[in-house]
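Read-outs throughout are calculated quantities, based only on the coordinates presented, and are distinct from any laboratory measurement. Everything quoted here is computed from the prediction, not taken from an experiment. For neighbour counting, all protein chains shown are included, and Cβ atoms are generated from backbone atoms with ideal geometry for every residue, glycine included.
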Amino acid sequence: MEHHSDVRERIQELLRTGRLLTRRPLRIWAGSGAGEPWSICDAPVGFGDVLYEWLDDDGRRIRLHAPCYAAFVAEIDSRGDA
């Protein structure tokens with residue numbers, strides 16, 4: 001997995017370019033991974049990994065594992081956009 005600062009920079013880039021919500025999602029699902037890539041770090045979702053998933057405002061499916069989801073929430077909260 002990427003270093004925390006790399007993940008934070010990637011989140012900031014995705015927020016700037018509109019590829020991530022600038023607020024917490026209204027509804028989120030959690031389940032098991034099935035090999036798809038994570039939306040932030042691009043690593044494949046392992047079958048034993050917990051997957052956090054939601055649809056953004058454009059209907060794109062966002063998939064994050066716990067460390068990237070925590071980093072996303074921390075970044076949103078630090079901006080006051082939650």
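Figures for the structure shown
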item	result
Surrounding net charge for TRP54, when Lys and Arg each add one and Asp and Glu each subtract one, Cβ distance under 13 Å	+2
Computed E for THR22/PHE47 - FRET, C-beta separation, R0 22 angstrom, nearest 0.05	0.10
Sites SER32 and ASP58, calculated FRET efficiency, Cβ-Cβ separation with R0 22 Å, nearest 0.05	0.30
Residue order, fewest to most surrounding Cβ atoms within 10 angstrom, among ILE11, ILE40	ILE11, ILE40
Ranked list, fewest to most other Cβ atoms within 10 Å of each Cβ, for TRP38, TRP54	TRP54, TRP38
Likely footprinting exposure, PHE47, PHE72, fewest C-beta neighbours within 10 Å first	PHE47, PHE72
With Cα atoms, 0 to 90° folded angle of helix 66-79 axis to the chain main axis	10 degrees
Computed helical MRE - 222 nm, the chain, DSSP H runs ≥ 4 contributing -39500 (n - 2.57), nearest 500	-10500 deg cm²/dmol
The chain - Rg and Dmax from Cα coordinates, angstrom	11.8, 34
Principal-axis tilt of helix 4-16 within the chain, Cα atoms, nearest 10 degrees	60 degrees
